[in-house]
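K.L.:
I'd like to ask some things about the structure below.
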Amino acid sequence: MLTAISYKSKQFLPTLIKLGLVVAAFYVIHSKLFQNSDLHFNELLKNVMDFSSISANTLLILILLSIFNWVFEILKWKQLVSSVSIISFNAAKEQSLGALTASLLTPNRIGDYGAKALYYHPELRKKIIFLNFIGNSIQMGVTTLVGSIGLTYFTLLYQPKLNGIGILSGIVVIGILFLIWTMNANWLQKQKQPLYKHLAFIKCISKQTLSKIILFSLIRYLIFSFQFYYLLIVFGVELNYLEAMAAISSMYLLSSIIPSIFIFDVVIKGGVAVYLFGLMGISEAIVLSIVTLMWILNFVLPSFIGSYHVLQFKLPKTEA
């Protein structure tokens, strides 16, 4: 009798955990949309009605851009994983969107690493985590490179008004110096052997694969930055394309270097965006509305699909 109860408990526990993750994800989304002191959902709808020219066609374009954004993220993951395991596009979609949902409450979406690793056998999980790190690092590299160019151009355009940017730039410099110091710290010296193993593993990844990852990361960046620009147009903001992209790339650079729990990610981007676009004379209501819509289009909607994959998740069968 006790054995039967124990067996049923073990069968029920994974389902309970998966349901808990989905409920938590929905709670995070609900809190951000309906309990947000910066921009309540009703205010967002009012701003969309008052300031924007969103139609069925513009909404279709925005959704298509979000789909393409995630298609290239999924292709990137599929290509990365091919170094250790060949998977289908559907499997890559399940892992990418399921991990997105599972990582909603973790700082800087760090839970994405563990969630994706769970789809693989234990002996592959360290490699999967490291592959995920490589993919995220390349995406961050694209954000940093393009953002640095954009921030330089933006600084030249708005130099008299940029006391705050000077402070943020100083923080970036200090962060880089801290990173250099960390790389020389004693504790890292003890990790030389694992580090060399990781470097050896990177060398096993073909140049063709790395080239594709860089290309997919760049395409993703161009898609979601253009989506932000397109929303500016929809909200009737008249900006030179280069000026707009300089502000957008600066926003993504500055917001990406600030550690955050995912639930506050949109708040941080909103604060940085309000400051940068405020220098260009764009109202806070419009900027916050655009940032929130970007969050809904690229994270909330995909997380609903990811919730289905979380509920369908099963640990890989171990070989007897």
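The values are calculated or read from the model by the stated rules, or taken from the named source; none is laboratory data. Predicted model only: the values in this text are computed from it and were never measured. All Cβ positions, glycine included, derive from the backbone under ideal geometry; neighbour counts span all protein chains shown.
K.L.:
Conditions first: (1) of a type outside the set (Gly, Ala, Ser); (2) over 21 Å from Tyr308 (Cβ atoms); (3) touching a Ser or Thr at 6+ places or on another chain (Cβ under 8 Å). Tyr120 passes all but one, so which condition is the exception?
P.N.:
For Tyr120, the failing item is (2).
K.L.:
Of the residues that sit in the stretch 30-70 and are out of contact with any Ser or Thr (no Cβ under 9 Å at 6 or more places or on another chain), buried (at least 18 other Cβ atoms within 10 Å of the Cβ) and aliphatic (A, V, I, L, M), which one is farthest from Ile128 (Cα to Cα)?
P.N.:
Leu62
K.L.:
Among the hydrophobic types (A, V, I, L, M, F, W, C) and assigned to a loop (DSSP other than H, G, I, E, B): which single residue out of Leu75, Leu62, Leu97, Leu105 fits that description?
P.N.:
Answer to the selection: Leu105.
Yes or no, residue by residue, for (1) at pLDDT 90 or above; (2) within 27 Å of Leu75 (Cα to Cα); (3) in contact with a strand residue (DSSP E or B) (Cβ under 6 Å, 6 or more places away or on another chain):
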site	(1), (2), (3)
Lys116	yes, yes, no
Tyr120	yes, yes, no
Phe130	no, yes, no
Thr143	yes, yes, no
Phe154	no, no, no
Lys161	no, no, no
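K.L.:
OK, next. Just one of (1) in a helix (DSSP H, G or I); (2) at pLDDT below 85; (3) under 22 Å from Val300 (Cβ atoms); (4) touching a helix residue (DSSP H, G or I) at 6+ places or on another chain (Cβ under 8 Å) trips up Phe264, so point out which.
P.N.:
Here Phe264 clears every test but (4).
K.L.:
Taking only pairs six or more apart or across chains, which ones have beta-carbon atoms under 7 Å, a first residue in the stretch 271-292 that is outside any helix (DSSP H, G or I) and surrounded by fewer than 21 Cβ atoms within 10 Å (Cβ to Cβ), and a second residue that is among the hydrophobic types (A, V, I, L, M, F, W, C) and at pLDDT below 90?
P.N.:
Met280/Leu239
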